[in-house]
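What follows is a short report on a single structure.
The values are calculated or read from the model by the stated rules, or taken from the named source; none is laboratory data. Keep in mind the model is a prediction, meaning the values are calculated, not measured. Because the Cβ atoms are built from the backbone with ideal geometry, glycine has one as well, and the counts that use them run over all protein chains shown. Keep in mind that these areas ignore ligands, DNA and RNA; they rest on the heavy atoms of the full protein, side chains included. Shrake-Rupley method; radii C 1.70, N 1.55, O 1.52, S 1.80 Å.
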Amino acid sequence: MTTPAHSIPAEVGSRRRWLMSGVALAAAGAGAGLAWWRYRLPAVDEGVASLVWALKLPQPDGALLDLRRFQGRPLVVNFWATWCPPCIEELPLLNDFYRQNIAKGWQVVGIAVDRDEAVAAFLARQPLAFPVAIAGSSGAELGKQLGNLSGGLPFTVVFGADGRVQHRKMGKVSADDLRSWVALASS
């Protein structure tokens, strides 16, 4: 029996599939590596963390929020704005996290990169249990110092009880993020 010239023997077809699968896996790995390299957050200078603890920012009611009062406890600092849909979507999750974990020593602080009036109006419609400070455009600069070089929102920084940055997240936080941060602070 002769094999037609246009048909491919099964073992050659199988090798070709394996080769193509290998090429596809290599391309996927290279793409993932490039994405990680491009979107990784740079290291934070320890001096920047000490600047955070020295901050006194205005709150919507006009009082100053002294971040030093949160030292010695794990702290989630969330940079957000009223005009940022993912920011608004994650606030209820952060609020629930705060309520469930404050007795365990956790604190959450929202830093609004926004106008006073917009934040006050938002909080009148959707009150939050955790403290909110208003940093305006200087909040974007603080975020950059903490590693958010693009200035995108939301941006979240987790400080350990020792006052050091333990984790940073660019983009909307998830329940899995919050669980992993609690585990990180417990270890």
task = Could you please tell me which pairs satisfy a Cβ distance under 7 Å, a separation of 6+ or placement on different chains, a first residue in the range 48-60 that is under 12 Å from L142 (Cβ atoms) and part of a helix (DSSP H, G or I), and a second residue that is charged (D, E, K, R) and modelled with pLDDT under 95?
result = A49/R164
task = Please specify each residue of the range 160-173 satisfying the condition of being open to solvent by 50 Å² or more (accessible area, probe 1.4 Å), touching a strand residue (DSSP E or B) at 6+ places or on another chain (Cβ under 7 Å) and modelled with pLDDT under 95.
result = Q166, H167
query = Do we find a residue being in contact (Cβ under 8 Å) with a residue 60 or more places away in the chain and over 21 Å from G47 (Cα atoms) anywhere in the range 158-167?
reply = no
note = Of the residues in the range 131-187, those that are part of a strand (DSSP E or B), within 16 Å of the chain's Cα centre (by Cα) and farther than 15 Å from Y98 by Cα come to F155, V165, Q166, H167, R168, K169, M170
task = Give the residue that is nearest to L91 (Cα to Cα), with candidates limited to residues of the range 141-159 that are among the small types (G, A, S) and crowded, with 18+ Cβ neighbours inside 10 Å.
result = G143
message = Restricting to the range 78-108, name every residue that is crowded, with 18+ Cβ neighbours inside 10 Å, in contact with a helix residue (DSSP H, G or I) (Cβ under 7 Å, 6 or more places away or on another chain) and either within 16 Å of P154 (Cα to Cα) or of a type in the set (D, E, K, R) (or both).
response = N78, F79, W80, A81, T82, V108
